[in-house]
Every structure is written in structure tokens, then in C-alpha cells.
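The structure under discussion appears below in the form of C-alpha cells.
The values are calculated or read from the model by the stated rules, or taken from the named source; none is laboratory data. On a predicted model such as this, the values are computed, not experimentally measured, just so you know. A quick note on method: Cβ atoms are made from the backbone with ideal geometry, for glycine too, and the neighbour counts reach across all protein chains shown. Note: accessible area is taken over every heavy atom of the protein model, side chains too, but ligands, DNA and RNA are not part of it. Shrake-Rupley method; radii C 1.70, N 1.55, O 1.52, S 1.80 Å.
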Amino acid sequence: MSDTTEHPRGGSTFRGAIAWIAILGLLAMVTWLASERNARTWSLVPADGRLVVMRGYTLPIGRGAFETSDPGTAAAYAPIVPPPGKALPPERTFEERGQVDQAIYDLVSGWAREEIASGDPARLERGLGYLVRAEKLPALSPSQREDLAALRAESGYQEAMRLVSRAVDELRDASDRLRRAAGSRSPHAADAGRLLRELDPALDAASSALRRAEGAHPAPAPSPAPGAAPEPARAGGADSGR
């Protein structure tokens with residue numbers, strides 16, 4: 001009789017152990033799935049005036065700024081500083097890295113377009129920096145790549161305008177120096193005069209071409225500060241300097 005009373009107790013203990021093992025296994029699986037999902041979660045988070053790319057830890061919760069040893073990837077996902085006066089967008093979360101790339105592109109391409117179109121040298125440099133960032137993003141959509149190519153073409157035009165403007169300034173400076181040398185007692189006075197006669201037509205042609213280009217696509221005038229007096233108009237014909 002004693003043997004028959006022992007077996008039910010041992011059976012219930014065994015079933016209880018099996019139940020606890022099943023519960024612990026289920027909890028482990030849930031924890032693993034939550035950690036896996038969190039590790040695939042990306043976020044764009046505004047912090048300290050910058051937009052920071054963050055990624056979830058391989059834990060059920062928690063995240064940190066994205067870090068990598070690859071220089072190109074690190075440059076693509078470095079904190080993004082907006083142009084002066086531009087507000088950062090609110091925090092956004094993504095389930096795929098490609099979605100992060102496309103969201104970053106939408107943001108920086110808009111800033112780049114405004115900076116490049118301004119015609120201001122400092123803003124052009126900033127816009128080119130945004131384009132460099134955009135080119136490093138690996139998962140852009142086909143339409144975004146087309147848009148990036150168009151922005152690169154526009155930035156190339158603006159860069160060319162800047163180079164021509166710089167060349168005109170340098171040619172003008174060279175012309176002034178040659179004129180002083182030609183009118184001096186320098187042993188190179190005659191050479192300076194001959195070079196000046198050949199240089200002046202090039203300077204006139206470059207200056208005229210630049211004026212026509214600027215007249216066809218004038219840069220937008222900056223908005224005056226509140227309460228500031230309007231700037232007086234410049235007299236025409238001052239750009240020859242000769």
C-alpha cells in the first residue's frame with residue numbers, strides 16, 4: 001500500500017518540474033526575440049543641437065549612439081548639425097537601416113539644396129558637406145540617387161561660378177601688378193607691358209562672362225536684420241578695377 005501512495009506524489013513533482021522548464025524556456029525565447037528586435041531598431045534623436053543616429057542594444061531595452069570601426073560608415077552616421085536657424089526634426093524610430101538612410105537623405109538633401117542655391121560661398125561649402133554625407137549612405141532609393149545626381153550637377157555649376165569669380169579676381173590682381181611693373185624702372189618693365197597687353201583681353205572676357213552669368217541667375221539677396229538700415233546701391237561699372 002505504501003508503494004502506491006508514493007507514485008502520485010513523484011509524478012506531480014515531475015510534471016511541476018517540466019512546467020517550470022517550459023516557463024523558463026518561454027521566458028528565454030521572449031527575451032531573445034525582444035533583444036533581437038531591439039537590436040534591429042534605429043532612431044534619429046535630436047540632442048544638443050545635433051541629430052544623432054542611435055541603435056538598440058542586443059538587450060530587450062536600451063540604445064546608444066551608433067558606433068563602427070569603418071571610417072566611411074562612421075562618417076555617414078556621424079551626428080548631423082543643421083544649418084544656422086534650422087530646427088531639427090522630432091525623434092523618429094525605424095525597423096530597418098535602409099529606412100534610416102532614406103530619412104537622413106530627405107533631411108540633408110533639403111538643406112543642401114537651399115545652401116547651394118544661395119550663392120553664398122560659406123553656405124555653398126556647407127551644402128557640399130551635406131552632399132558628401134548623402135553620397136556615403138548605402139541604401140538610397142533610385143529616385144533619391146537621381147535627385148542626388150541632379151544636386152551634384154547644380155553644385156558643380158555653383159562651384160564653377162565661384163572658381164571663375166576667383167580667377168577674375170586673380171587676373172585683375174595680376175593685371176594691376178603688371179601695370180605697376182610696366183611703368184617702373186624694373187628690367188622686366190618691357191616684358192610686363194607685353195604680358196599686360198595679352199592679359200587684358202582675357203580679363204575683359206572673363207569679367208564679361210561672369211557678369212552675364214550672374215545677371216542670368218542672380219543670387220538671392222540676404223534678408224536684412226530687423227531694424228537695420230537698407231544698404232545703399234552700388235555704382236555700376238566698378239568691377240573692372242582698372
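So, counting K/R as plus one and D/E as minus one, what does the shell of residues with Cβ under 12 Å around residue 81 add up to? Cβ neighbours under 12 Å give a net charge of +3.
Distance between the pseudo-spin-label points of residue 191 and residue 204 (7 Å out from Cα toward the beta carbon): 2.6 nm. What the Cβ-Cβ distance of residue 213 and residue 122 gives, at R0 = 25 Å and to the nearest 0.05, is a FRET efficiency of 0.80. Taking other residues whose beta carbon is less than 14 angstrom from the beta carbon of residue 188, and scoring Lys, Arg as +1 and Asp, Glu as -1, yields +4. Take each peptide in 191-203, 124-136, 92-104, count the other Cβ atoms within 10 Å of every residue, and average; sorted highest first, the result is 124-136, 92-104, 191-203.
Only protein heavy atoms count here; on that basis, with a 1.4 Å probe, residue 109 has an accessible area of about 10 Å². Net length available on complete extension from residue 150 to residue 86 is 20.7 nm, with 0.36 nm assigned per residue and the Cα-Cα distance removed.
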